Amino acid sequence: MNKELTYSTPEEEGVSSEYIINFLNEMEKREAEIHGIMILRNNKVIFEAYNEPYRKEIPHIVHSFTKCFTNTAAGIAYTKGLIKLEDKVLDYFPEYREAANEYLQKLTIRNLLTMRSGQERSIGGNEWRPLKTSWLDAYFKVPFVKEPGSEFMYSSGNSYITSAIVQRITGKTCHQLIEEELAPYIGLEKFSWGESPEGICSGGNGVSITVEGMARLGLLYLNQGKWGEKQLLSADWVNLALGKKDPQPRKAGEKDYNFHWTHTGDIWCSDGMFGQTCAIIPEQNMVIAITTADSNYLETELIQKEILDPMKEERNFAEKMWNVLKNKGLRMSLENKNRSVSNKMVSGNRKIEMEPFENEDRIEKTGLEFLEDKVIFWMKDNRGTHFVEAGLDCWIHGKTSMTGGYLHHQYEMDEMKIAACAYWKSENVLMMEWRYPEMAFFDHVSFEWKEDRVYMKRWVNMNSQALERPVVTAKICES
């Protein structure tokens, strides 16, 4: 298999385009918004589409799919004979041995990978991202209260410790290890990965990568760790990761979870928050990679129902359905979604400056500049001054530093891509939609005029915390 992906059609690879159309329609019907999708069968791409303003070349934050990269880095170390699954974690962190109780002393790498550490509580990425002190200290401060291996409890903290072990044993971050040992052989493009204040890859989250990058990693696991003739991960590791070898004993109701691959029906899925999904289906020799904004996590359920279950039935394929699917993919766009009504607040070019009253978000000043075909919004807060340029009834692509971690699972970036549009919802209410093509999140912002006051409201499509901010009231001080 070459580094360059080969393209085919669904019908040529024994899949009806109708099944994929049904999957896309059902996702849309249930308001699970696809940002990008790539489907492969027999190592060939049979369908690929992106929902404008999300694009093929723009990396997407994949949240906990990052764990698959962390565990793959551990797999490289395992394949090289540098680590064993039964290695004690404290052998790599002797500085924490003195205060360790009997449970922590027994903790192994296998317990980390399978999310069975025995800690008192789970640790999420949104808890640690704002943390400027040692993440290692933060992890080992959480009490160990159960026998390691006895009970499943999902925690990004375990993945961070896995990342730290890989770095201590190889002298390289997980990111460096994958870029050197894996990426050149499987054609993985450059990708970014956040680090802790200690300079260790975050482990549980923080990777931004394209849909194709997700699919390539899925292909590696589908093909038992081989790319072409080169064995990059041992088949033994892949079978352990998928739970085909030494699966973890499960209590009633527990997930079939192994090394961040969850087995459900015909699918082994490695996923991330809000529906970032890489599904491998060995029985059908398929990989399906998807980035989405989906708080209901419908991907695996609908892949099984709309694509895989029908594939088990013998049917005659209608070639014309490929053209229908192809056209549907090309039409995926958020353009023309919003359209203005007439307004009485602004005519022609105009600048409005506003001074907010005391507010929780520490916004000091804000303003709007209306031009013929766009609206520029700016806001000054404790992080600096931020701008968003929004097309009037159309999308404008750009970059922004706009504050928003409180609405975006604590992801706060100095600069990020944005696509924004503005439209008049009513004669005195201006709406903006801010899309971040690198993330599952998108914001709605409304400005409502009442005499000499403007009321600004901001809310997000999904979040692990609050979905909206308190309304900010501002006085128009210059117009």
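Observations on the model:
- Taking region 166-273 and the strands (runs of 3 or more DSSP E) fully enclosed by it, the elements with 3 or more residues that are surrounded by fewer than 23 Cβ atoms within 10 Å (Cβ to Cβ) are at 261-264.
- Count - residues of region 241-279 that are within 20 Å of Thr291 (Cβ to Cβ), out of contact with any Pro (no Cβ under 9 Å at 6 or more places or on another chain) and not hydroxyl-bearing (Ser, Thr, Tyr): 12
- Taking each residue of region 299-314 that is assigned by TED's automatic domain parsing to the domain that holds Ile288 and looking for partners that are of a type in the set (Lys, Arg) with beta-carbon atoms closer than 9 Å, six or more apart or interchain, yields Leu302/Arg30.
- Verdict on Lys106 being farther than 30 Å from Gly404 by Cα and free of Cβ contacts under 8 Å to residues at least 40 places away in the same chain: no
- Filter pass, Val460 being crowded, with 20+ Cβ neighbours inside 10 Å and of a type in the set (Val, Ile, Thr): yes
- Checking each residue in region 269-295 for being without any contact (Cβ under 8 Å) to a residue 60 or more places away in the chain and of a type in the set (A, V, I, L, M, F, W, C) picks out Cys269, Ile281.
- Condition check for Val454: in contact (Cβ under 8 Å) with a residue 24 or more places away in the chain and not aromatic (Phe, Trp, Tyr): yes
- Test: residue in region 432-455 that is over 22 Å from His397 (Cβ atoms), in contact with a Pro (Cβ under 6 Å, 6 or more places away or on another chain) and modelled with pLDDT of 95 or more: no
- Qualifying residue in region 133-140 (condition: surrounded by fewer than 16 Cβ atoms within 10 Å (Cβ to Cβ), closer than 25 Å to Gly206 by Cα and not polar (S, T, N, Q)): yes
The values are calculated or read from the model by the stated rules, or taken from the named source; none is laboratory data. Quick caveat: nothing in here was measured; it's all calculated off a predicted structure. Cβ coordinates were reconstructed from backbone atoms using ideal geometry, including for glycine residues, and neighbour counts include every protein chain displayed.
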